[in-house]
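Student: Sharing a structure below in structure tokens format, with a few things to ask.
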Amino acid sequence: MKKHLLSLLCALCVLLTLSPLRASAAVTSSFADIADNATAAAVETLRVMGVLDGFSDGTFRPDEGLNRAQFCKMVITATGTERELGRYSVITVFPDVKPSYWAAPYINLAARGQNIIKGYSDGMFHPERTVTLGQAVTILLRLLGYKDEDVGGVWPDGYMSMADSTGLTDGVGTDSNAPLKRGPAAILFSNLLRASTSSGSAFYTLSEETTLTSFDGAAGTLVTSDKTYDMDSPRSSTGLVGSRGQVVLRDGKALTFLPAAAGRTSVPTGAVLVQSNRSARGFASLTNGQTDYRIYKNGAEAATGDLRTGDVATYSAQTNAVSVCDTRLTAYYENCSPSPDAPTSIELLNGTVFSVLPTAADMLSAYRPGQIVTFLLSADGQIAGAVDADSKNTGNAVFIRGAQGTRMLCGGMEIPVKCAVPDDVGVASRISWNDNSKTPRFRVLNNAVSGTLDFDSRKLGSASFAENVRVYDGDGALVSRDDLNADTLPSSVLTSSRTNWAGKVDLIVLNGQPDAAVLYGRAEIKISHSTDRKAVKDEDGRSPDDEDWIPTYETRTEDVLNLSVHRDGGTLGPFAVTRDNVQTGDFVAVKLNKRGDGFSMVQKLQKLDNVSFTSWTGKSAVSAGGQTYTVPEDVLCYNRDNGRWMKLEDAKVYAKRATLYVEDGTVRALEVRT
């Protein structure tokens, strides 16, 4: 009874700062093993950009080294030149990097296409060797346009000196022979986002300094305090929301958000439990008297009227923002450290470690391992309090099952957890517990609302989308508007949905994986020639890396296949392709990649020659070779005599027979000639 009374009293109290919080970052990391703010900010920025990510166990491993192949992939991804990889996937530049090697296209593109990497004096690249800071800096400076004659000195000293003067190695170190680890590599690439080229121009386009308001997963947008940007490759990060910084842009689209440079950060000074609905009592102590702060609840901008009893609030002086989280996790209390009376960490969900805010220690001292408890979580996934797990304090945490393992949604971000959701449970689920059972029971998250999904009006049935709605496909992967084939989707594609405190839809789970649209047309292949000049061994056998190497170069020319797909109404491409089985005049099915700058699929259609129009049954069917094929209303009709597209009715008048191009029992195109 004493324990329950203490728990109830603590739940109603304001958790003010009894002792300083440990240095949790102003930018919240998606990974539990990143402690310092500079690394957290850099990793989160680059994760959104798609340059790097963590491991399946939810860690980032900042102290783990990078090899030369991994670094090459980071460089190519950071520069957005992946569309050129196809040209370099079937060639061999280094003898120890065969086309079958996973990173071969990245290494070949960096070496031959961009001329920013070189091999060793033995002619090999040694992709599995750990990349050193000196090598990494040299590659990035070459990317910025610097040449050996620009930096001077003996390698790598000249490059290291230039990197220091340009700020490229700020916060990274100066030991050129040191192996580059994942954490410092993130900072190095973050510095690259601010860097200038050797000519003085900006390498990346950066917006004016602004405040990041939210990511809108459904619309594929990044929203700041003064503008909304379409994202080049939509990803989300609750940890960056509220940060002051700049939007990184390419061709007018947002790549990521870059928080203000290190040195302008501060740590939260306390945590507050909201005592009653629509009450900000205690916030003044939390914010040190600031009253002009902004409130973000579960990653979306909110107001005092959106606060609910039991919400957890933390404050960042850097962004002058209060982050509010309403996630409650009911779970079996497995273990703690160092003691139940004053825990600094608690293990839940099959060994997942949750940090404990110092201000929550008194409340947590009422509980012991072996109990089922409802834990109150902050926006960055730390335990800010606990209450008895009863009918009034049930958990609301949602778990997402996918290829990356199980993640728990917390305050608008994903936290990897070690418990596994069974395969027969849907993508989104909640958990429940029997009396003191160590094993949770997962149940599918039902639809809070249903109806037609309308992405133009941003509604599910009659309910509006939340600003930061998250949409998952049937494999548990986040999808954006650009991933979907249609502006509206029927209710039949929906398996789960959730609404937030305001009744807006903040989570949608589809029952399949959206495919890119399949398009059909007539192929045209043109061959262009790519010529590059490569440094090679001189007549005495010395390599370009040797000090006494006599400049010797070899010019190589290779053919590049460029495919255009012509269709009634326009042309797709030309885009470089590696396929040599498609020829001019073939009819093909293609899919555009998500960037719209290449084909993710090219497939020849089956060809049926010399089919008489007398074999047709009206407009919708035709028989050929003992099989009947469906003819859609929008079937493509091509006149080979004059090279023009025409209507089906006109094609039947123009010629007596046609060549059909079919796919899966459907005629996708036909060609006539006299």
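Student: Is region 343-360 home to any residue that is in contact with a helix residue (DSSP H, G or I) (Cβ under 9 Å, 6 or more places away or on another chain), more than 28 Å from residue 294 (Cβ to Cβ) and either modelled with pLDDT of 90 or more or buried (at least 23 other Cβ atoms within 10 Å of the Cβ) (or both)?
Tutor: yes
Student: Further question: Suppose we keep only residues that are surrounded by 13 or more Cβ atoms within 10 Å (Cβ to Cβ) and of a type in the set (A, V, I, L, M, F, W, C) within region 471-492. Which one would you say is modelled with the lowest pLDDT?
Tutor: Among those that are surrounded by 13 or more Cβ atoms within 10 Å (Cβ to Cβ) and of a type in the set (A, V, I, L, M, F, W, C), it is 484.
Student: Another question, if that's okay. Limited to region 37-81, what total is found for residues that are within 16 Å of residue 193 (Cβ to Cβ), in contact with an Asp or Glu (Cβ under 7 Å, 6 or more places away or on another chain) and of a type outside the set (A, V, I, L, M, F, W, C)?
Tutor: Total satisfying the criteria: 1.
Student: Also: Of everything in region 70-81, what is farther than 13 Å from residue 112 by Cα, of a type outside the set (S, T, N, Q) and in contact (Cβ under 8 Å) with a residue 40 or more places away in the chain? Give them in sequence order.
Tutor: 71, 74, 75, 78, 80
Student: From the residues in region 315-327 that are within 26 Å of the chain's Cα centre (by Cα) and not hydrophobic (A, V, I, L, M, F, W, C), which one is nearest to residue 287 (Cα to Cα)? Give the derivation first.
Tutor: Filtering region 315-327 for residues within 26 Å of the chain's Cα centre (by Cα) gives 316, 318-319, 321-327.
The next check asks that each one be not hydrophobic (A, V, I, L, M, F, W, C); those that pass are 316, 318-319, 323, 326-327.
Values: 316: 8, 318: 11, 319: 11, 323: 11, 326: 19, 327: 22 Å.
Among those that are within 26 Å of the chain's Cα centre (by Cα) and not hydrophobic (A, V, I, L, M, F, W, C), it is 316.
Student: For residues that are buried (at least 17 other Cβ atoms within 10 Å of the Cβ) and on the phi < 0 side of the Ramachandran plot, tally how many sit in region 449-462.
Tutor: Here the count works out to 5.
Student: The conditions are (1) polar (S, T, N, Q); (2) at pLDDT 90 or above; (3) within 22 Å of the chain's Cα centre (by Cα), and residue 108 fails exactly one of them. Which is it?
Tutor: For residue 108, the exception is condition (3).
Student: Answer yes if at least one residue in region 644-658 is under 30 Å from residue 578 (Cβ atoms) and in contact with a strand residue (DSSP E or B) (Cβ under 9 Å, 6 or more places away or on another chain), and no otherwise.
Tutor: Yes, there is a match, as at least one residue in region 644-658 is under 30 Å from residue 578 (Cβ atoms) and in contact with a strand residue (DSSP E or B) (Cβ under 9 Å, 6 or more places away or on another chain).
Student: Moving on to the next point. Would you say residue 373 is buried (at least 23 other Cβ atoms within 10 Å of the Cβ), farther than 28 Å from residue 60 by Cα and in contact (Cβ under 8 Å) with a residue 12 or more places away in the chain?
Tutor: yes
Student: If you don't mind, there's one more thing I want to ask. Looking at residue 584 and the list (1) polar (S, T, N, Q); (2) exposed (fewer than 14 other Cβ atoms within 10 Å of the Cβ); (3) in contact with a strand residue (DSSP E or B) (Cβ under 7 Å, 6 or more places away or on another chain); (4) over 18 Å from residue 564 (Cα atoms), which single condition is not satisfied?
Tutor: In the conditions (1) polar (S, T, N, Q); (2) exposed (fewer than 14 other Cβ atoms within 10 Å of the Cβ); (3) in contact with a strand residue (DSSP E or B) (Cβ under 7 Å, 6 or more places away or on another chain); (4) over 18 Å from residue 564 (Cα atoms), residue 584 misses (4) alone.
Student: Testing residue 316 on (1) under 30 Å from residue 222 (Cα atoms); (2) out of contact with any Pro (no Cβ under 9 Å at 6 or more places or on another chain), one condition comes back false. Which one is that?
Tutor: That leaves (2) as the condition not met.
Student: Return the residues of region 173-193 that are of a type outside the set (Ser, Thr, Tyr), at pLDDT 90 or above and either under 20 Å from residue 256 (Cβ atoms) or out of contact with any Gly (no Cβ under 8 Å at 6 or more places or on another chain) (or both); say none if nothing qualifies.
Tutor: 178, 182, 183, 184, 185, 186, 187, 188, 189, 191, 192, 193
Student: Continuing with the same structure: Going through region 53-88 one residue at a time, which ones are charged (D, E, K, R) and within 24 Å of residue 110 (Cα to Cα)?
Tutor: 53, 64, 68, 73, 82, 83, 84, 87
Per-residue answers, yes or no, for (1) in a helix (DSSP H, G or I); (2) under 29 Å from the mean Cα position of the chain (by Cα):
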position	(1), (2)
336	no, no
347	no, yes
361	yes, no
367	no, no
376	no, yes
390	no, no
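Student: Going residue by residue through region 406-428, is there one that turns out to be within 33 Å of the chain's Cα centre (by Cα), of a type in the set (D, E, K, R), surrounded by fewer than 23 Cβ atoms within 10 Å (Cβ to Cβ) and not in a loop (DSSP other than H, G, I, E, B)?
Tutor: yes
Student: Go over the candidates 539, 558, 547 one by one and state the one that is outside any strand (DSSP E or B), acidic (Asp, Glu) and in contact with a Ser or Thr (Cβ under 8 Å, 6 or more places away or on another chain).
Tutor: Step by step, each of 539, 558, 547 is checked, and only 539 is outside any strand (DSSP E or B), acidic (Asp, Glu) and in contact with a Ser or Thr (Cβ under 8 Å, 6 or more places away or on another chain).
Student: Here is a further query. In region 429-448, which residue that is part of a strand (DSSP E or B) and of a type in the set (Gly, Ala, Ser) is surrounded by the fewest Cβ atoms within 10 Å (Cβ to Cβ)?
Tutor: My answer is 432.
Student: Which residue out of 263, 242, 289, 217 is crowded, with 18+ Cβ neighbours inside 10 Å, modelled with pLDDT under 90 and on the phi > 0 side of the Ramachandran plot? It would help to see each step written out before you state the result.
Tutor: Numbers: 263 fails: crowded, with 18+ Cβ neighbours inside 10 Å; 289 fails: crowded, with 18+ Cβ neighbours inside 10 Å; 217 fails: on the phi > 0 side of the Ramachandran plot.
It is 242.
Student: For residue 179, only one of the following conditions fails: (1) in contact (Cβ under 8 Å) with a residue 60 or more places away in the chain; (2) in contact with a Phe, Trp or Tyr (Cβ under 9 Å, 6 or more places away or on another chain); (3) within 16 Å of residue 132 (Cβ to Cβ). What is its number?
Tutor: With (1) in contact (Cβ under 8 Å) with a residue 60 or more places away in the chain; (2) in contact with a Phe, Trp or Tyr (Cβ under 9 Å, 6 or more places away or on another chain); (3) within 16 Å of residue 132 (Cβ to Cβ) applied to residue 179, the lone miss is (2).
The values are calculated or read from the model by the stated rules, or taken from the named source; none is laboratory data. Keep in mind it's a predicted model, so treat the numbers as computed, not measured. Here the Cβ is made from the backbone with ideal geometry for all residues, glycine too, and neighbour counts use every protein chain on show.
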